[in-house]
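> Take this structure, written in structure tokens, and hold onto it; I'll ask about it next.
The values are calculated or read from the model by the stated rules, or taken from the named source; none is laboratory data. Fair warning: this is a prediction, and the values are worked out from it, not measured in the lab. Neighbour counts run over all protein chains shown; Cβ positions are idealised from the backbone, glycine included. Heavy atoms of the whole protein, side chains included, go into the accessibility calculation; ligands, DNA and RNA do not. Shrake-Rupley method; radii C 1.70, N 1.55, O 1.52, S 1.80 Å.
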Amino acid sequence: MEKRHFIIAVICGLCLSVKAQSVNVEDTVHVMDDVTVTGHQTPSSTISTVPVQTISGEQLLRIGALDAGDVLKHFAGVQVKDYGGIGGLKTVSIRGLGAQHTGVSYDGVQVGDCQSGQVDLSRFSVGNMSSVRLTIGQSEDIYQSAKSYASAAVVEISSAMQNDTTRRPHIVLRMTNGSYGLAEPSAIYTQSFGRLSVGAYASYQRADGNYRFKLWNGTSLIDEKRNNSDIEAWRGEVNVGYRIGKHQTLSWKLYGFDSHRGLPGAVIYDNTYSAERLTDKNIFTQLKYENIFSDKIKLKAAAKWNYSWNRDFNVLASGPDEDKYRQNETYLTATLWTEPVSHLHVSLAQDFAHNFLSMTIRNCQYPTRNSWWTALAANYDGLRNVVFNASLLSTNIHESVRVGRASDGFHRLSPAFSVQWHLSRDMRLRASYKDIFRTPTLNDLYYTGIGRRTLRPERTRQWNIGATYGHNYTPNNYLAVTLDGYYGNVSDKIVAVPRMFLWQMMNVGKVHMLGIDATVAGGFAIADGWLADVTATYNYMNATDRTDHKNVEYGDQIAYTPRHSASGTLTLRSPYVDITYNVLLTGRRYMLGYNIPQNRMGGFADHSVSLSRRLVFGRTAVRLQFDVRNISGKNYEVVRFYPMAGTNVRFTAGLEL
């Protein structure tokens, strides 16, 4: 059954490219061309020196995703931990490295979490996205912040307002309703006033999330209804941009997020009770400046202040339990790019971050972390058909605490390089290497009773070799293929280990990863006004524990990492309606690192269909979309004992003025 599903994935695919079309119907009704957002062009996955995957524009809406976590499920080599429910937490691991090795940036500025080291991607709504891009390894774009070099992979999210420079008021209103009480209205406003441009976004989301599910637990079939799965969340954003002169720009962003949700908990035996509540409040503001002095030199800088507040409340058998966490971050970055000689580009980036964490847990040490990142990078394309990229990152971290003793800090040099050989007009070979580490989080170091201040950084080494092919035969007929083989290892992996009656964080893990990522994207014209886009992604990954050959887990696949996974989308565009079919395929996994039948989780296939239509009445555009998710209705589990929703529907109506 799994083999048949993966064959389907090769035939169907993730829609990576959407071409504009225009077809007249009645005199007063027209099908509008797909909107093109002006700005820098997203690099194609076939011409990059490292693996890059992108979903943008209309594609984000057609796959029926609600947030960034849903989008990333369609990328090769990505494992998204989804705990179920509309408001469920979502974290992403790339090629088995773990969520803490994945960096996230929003409109070009890094999003951080010094407490846990991982970002909840459900915070970012698709309604305010123009693109989501994943870069594995070191990006060939050397005009970026130093902190962007400090992760094994980076997810870059661009907001829908970032590059909109419409002179007249541009308003987009959208309303989504769906199963389990889902309601999500949102609004976007943008306008340009000469040198000044402004934009605002606001959305509200609520759902009860209490869906029925069936789950086998041992020999018993549980037929119950999820509880404590509700969510109420607000998102808001304001953007202001000002062009100081011909070559200078200044932009300011204010972002706010407030959510109140229930955590449904694991379904153990027939116990579905859960009373844990999570409150998240986040506000940040950032200011960016750029000066393009000439074609040979340019500079950009940014400053950011971020505040996060979390409350975890639970009613246990022993009584109510409440923990509160507060994070403050100040972040500064500056990057200078220059071309000292023809074909050689060099950049120097310097970043600084000040983090403070407080919590209501007993014996809190109130840690403070000061981090400096310095990155020197170069790109050379002066040789015929060959491009070289290289970088060196210096990381220096110092910590202090109010109570007890702080860690000794962390100081590391991290090199990376990539090379591409252009074999022909359409075919390229590429190879890359990156040596990077992730610093222990403040929870790893200082969480009461568990943290260990003597932890070492978790180090990773990644090698990648691949080939790409891309050709546009006609405006509506194209083919793009990428194939990458990779090897990586993680040493000094940080894991929780039982010691006497307590658990404690320790450097005891080693993991080896060996795998293949493949993507295929194609488009073709069927008939006049009828177009099809079809792509597929496939990932094979053998990620095994190599800690100690005496352990029973030695050589076993690490937890929650399938050897086979795939995704696909087929889009048929016609003068009447656009039809999109999506499938997500995941092979069997193990809930623990000990690969015995009792820990095995079966594979699953998630099928969905979307119908959409976009019309124009004068200057007003209307977009309607109907989504049916998880057509098979199976309550599969991404995380053991957390059943996902069965068949559910969504209807979205959008108005663009």
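> What do you get when you divide the Cα radius of gyration of segment 438-493 by 2.2 N^0.38 Å, with N the number of residues?
Normalised Rg, Cα atoms only: 2.09.
> To the nearest 0.05, what FRET efficiency results for residue 572 and residue 471 with a Förster distance of 30 Å applied to their C-beta separation?
0.85
> Compute the distance from the alpha-carbon center of segment 604-644 to that of segment 87-111, in whole Å.
23 Å
> Any chance you could look up the accessible area of residue 61 with a 1.4 Å probe, heavy atoms only, rounded to 10 Å²?
Here the residue's solvent-accessible area equals roughly 40 Å².
> Apply the Karplus curve 6.51 cos²θ - 1.76 cosθ + 1.60, θ = phi - 60°, to the phi angles in segment 64-80 and return the couplings in whole Hz, x for Gly and Pro.
x, 7, 9, 8, 5, x, 5, 5, 5, 4, 8, 9, 6, x, 10, 10, 9
> Of 510, 434, 550, 300, which has the most accessible area with a 1.4 Å probe, and how do the rest follow in descending order?
550, 510, 300, 434
> Give the residue from 519, 341, 406 lying farthest towards the positive end of the charge dipole for the chain; charges sit on Cβ (+1 for Lys and Arg, -1 for Asp and Glu) and the dipole is referred to the Cα centre.
After comparing all options, I get 406.
> May I pose another question? Can you give me the Cα centroid spacing of segment 480-547 and segment 196-272 in angstrom?
Each part reduced to its Cα centre gives a spacing of 25 Å.
> Working from the alpha-carbon coordinates of the chain, get Rg over Rh, Rh being the Kirkwood radius.
0.94
> Can you give the accessible area per residue of the chain, in Å², using a 1.4 Å probe?
Accessible area per residue, the chain: 44 Å².
> Right, another one. Positive end of the charge dipole of segment 166-241 (Lys, Arg +1 and Asp, Glu -1 on Cβ, about the Cα centre): tell me which of 238, 198, 173 has its Cα farthest that way.
Checked the options; the winner is 198.
> Once all Cα-Cα distances of segment 78-178 are split into 10 Å bins that start at 0, what whole-number percent is in each one?
13, 41, 31, 14, 1
> So what are the ³J(HN,Hα) numbers for segment 304-315, from phi and the Karplus equation (6.51, -1.76, 1.60; θ = phi - 60°), rounded to whole Hz, Gly and Pro as x?
Karplus values, whole Hz, x for Gly and Pro: 9, 10, 10, 10, 10, 9, 10, 10, 10, 10, 9, 10.
> How much of residue 238 can a 1.4 Å solvent probe reach, expressed as accessible area in Å² and rounded to 10?
My reading of the accessible area for residue 238 is about 60 Å².
> Using +1 at the C-beta of Lys and Arg and -1 at the C-beta of Asp and Glu, which of 390, 47, 635 has the Cα lying farthest in the positive direction of the dipole of the chain?
390
> Now for a separate question. With all protein chains present, how much of the accessible area of the chain (probe radius 1.4 Å) comes from carbon and sulfur, to the nearest whole percent?
Percent of accessible area from carbon and sulfur atoms in the chain: 59.
> Could you tell me the distance between the Cα centroids of segment 587-602 and segment 130-194, to the nearest Å?
37 Å
> Considering amide H positions built from the backbone, and no H for Pro or chain starts, which residues 5 or more places from residue 639, or on another chain, come under 5 Å of its amide H?
Amide H neighbours of residue 639: 82.
> Helix-only mean residue ellipticity at 222 nm, the chain, DSSP H runs n ≥ 4 weighted -39,500 (n - 2.57), per residue, nearest 500. What is it?
-1000 deg cm²/dmol
> Right, here's the next one. How big is the accessible area of residue 216 in square angstrom, nearest 10, if you roll a 1.4 angstrom probe over the protein chains?
150 Å²
> Can you list the aspartates and glutamates whose alpha carbon is less than 20 Å from that of residue 324, not counting same-chain residues fewer than 8 positions off?
Hits, sequence-local ones excluded: 113, 120, 232, 258, 276, 280, 312, 444.
> For segment 637-652, in order, what is each residue's ³J(HN,Hα) by Karplus, 6.51 cos²θ - 1.76 cosθ + 1.60 with θ = phi - 60°, in whole Hz (x at glycine and Pro)?
Result, ordered by residue: 10, 7, 10, 4, 6, 10, x, 7, 5, x, 4, 9, 10, 9, 10, 10 Hz.
> Let me ask you something else. Which trypsin sites (Lys or Arg not before Pro) from segment 231-275 combine a DSSP loop assignment with at most 15 other Cβ atoms within 10 Å?
When the trypsin sites (Lys or Arg not before Pro) of segment 231-275 are filtered for loop state and at most 15 Cβ neighbours within 10 Å, 246 remain.
> In addition: Return the long-range amide H neighbours of residue 96 (sequence gap of 5 or more, or a different chain), with a cut-off of under 5 Å between placed amide H atoms.
79
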